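These notes concern the structure reproduced below.
Values quoted throughout were computed directly from the atomic coordinates according to the rules given, and no laboratory measurement underlies them. On a predicted model such as this, the values are computed, not experimentally measured, just so you know. No Cβ is skipped: glycine too gets one built from the backbone with ideal geometry, and neighbour counts run over all protein chains shown.
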Amino acid sequence: MGDRAYKVVSALLGSSAFIFLFLILGVLLIFSYPSLIVNGIGFFTRVTWNPNISGSVTVIHGIRAMSNASYGMLVFFLGTLLSSGLALLIAVPISLGIAVFLTEVAPRRVSFGLSFFVELLAGIPSIVFGFWGFLVLGPFLKVYIEPGMATYLSFIPYFRGPVLSYGLPASGVILALMIVPIIASISRDAMSQTPLELKEAAMALGTTRWETTRRVVLPYARTAILGSVVLGLGRALGETMAVAMVSQSAVNLLPTNFYYPINSLAAFMAQTLDSAFTDPTSMEVYALVELALVLLAITTTVNIIARLMVRQGFISSAEHVVQV
């Protein structure tokens, strides 16, 4: 009886992740169904988000909605991709630099202390990052950094002025600070597991410390590094409060240069949910749930692509080290 109970309990716990994900997906599909029917494919291609609360109620395909209301997610979709992509561009080199320094360069006592601070950075609440970004980082970027970028990088079309806001740069930097601890900690742990024999063999062949790191340590930890980047990207895609506080809350406005305000899917949902309940037809609530469904689809797709890259796009770390 003990073994049978152990088997049943273990099976339930093992399948709990799938069950929770299935339940979440089911709820999102049920509550987004009215929006899917009323808004159709235009929901993914339109720029305008206007619930038109003051209008009259009409019936579309048997579902109540406000007349002349428009729901489009394109602004928030692009804002999510741009801010998360910028965060990765900033965070990945910094994180790998931190991981390499902690594992290959710093003395043990220094490495232990710095590792503690890196992990401590991951525990800071996002609202704290948001306040710091709103009060310090955003104004600093707008006054000192962005005008210089608009002047000296104007030969790149997307970096030409005018400087209207610190939305995208501040959002990217804030998200980068939030995902650096994730990528750096996992990468450091993976690099520290590199067998000492491999490093000593490489150095015995005359390689420098940098060449040993580049040709042995990094390839050995490559799969874990890729996984940490995907985890960081997932955190950036779903971050809400910090982005909501520094993105400048763009609505119905596509960014035409690097200095425009933006908005992300998660941030816009948090900003709009309260007012959405004033819609007498609840269509705006259903549209927000459809945004949540899109965000879930994006994060799921990212994880699937990452798994395919690990399995098919790269040779195993051990094989690479042997070849080297």
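Based on a Kirkwood Rh over C-alpha pairs, give the Stokes-Einstein translational diffusion coefficient of the range 134-210 at 37 °C and viscosity 0.692 mPa s in µm²/s. In µm²/s, the coefficient is 203.
In the range 229-314, Cα pairs under 8 Å separated by at least six residues give a relative contact order of 28 percent. Exposure proxy ranking for VAL251, VAL217, VAL92, based on other Cβ atoms within 10 angstrom of each Cβ and starting from the fewest, stands as VAL251, VAL92, VAL217. Stokes-Einstein diffusion of the chain at 25 °C, 0.890 mPa s viscosity, Kirkwood radius from Cα pairs, rounded to a whole number: 109 µm²/s.
Under a 5 Å amide H cut-off, with hydrogens placed 1.01 Å from N, THR58 pairs with ALA65, MET66, SER67 among residues at least 5 apart or on other chains.
Could you tally the net charge around THR272, taking each other residue with its Cβ under 11 Å from the Cβ of THR272, Lys/Arg +1 and Asp/Glu -1? Let's see the in-between values first.
Working: positive: none; negative: ASP274, ASP279, GLU284.
Surrounding charge for THR272 is -3.
Membrane-span-like helices of the chain, defined as complete DSSP H segments with a Cα extent of 18 Å or more along the helix axis and a mean Kyte hydropathy of at least -1.0, are identified as 2-39, 74-100, 108-122, 167-192, 222-238, 283-308.
Taking other Cβ within 10 Å of each residue's Cβ, how do TYR260, TYR152 sort, fewest first?
By the 10 Å Cβ count, ascending, the order reads TYR152, TYR260.
Projecting the Cα atoms of LEU28, PHE18, PHE277 onto the dipole axis of the chain, where Lys and Arg carry +1 and Asp and Glu carry -1 at the beta carbon, places PHE18 farthest toward the positive end. Among GLY2, ALA266, GLY227, which residue has its Cα furthest toward the positive end of the charge dipole of the chain, with +1 on Lys/Arg Cβ and -1 on Asp/Glu Cβ? The residue sitting farthest along the positive end of the dipole is GLY227.
Give me the orientation-averaged projected area of the Cα convex hull of the range 137-274, in nm², one decimal.
Mean projected area of the Cα convex hull: 11.2 nm².
The ranking of PHE112, PHE76 by Cβ neighbour count inside 10 Å, starting from the fewest, reads PHE112, PHE76. Charged neighbours of ALA87, selected by a Cβ distance under 12 Å, balance to 0 (K, R count +1; D, E count -1).
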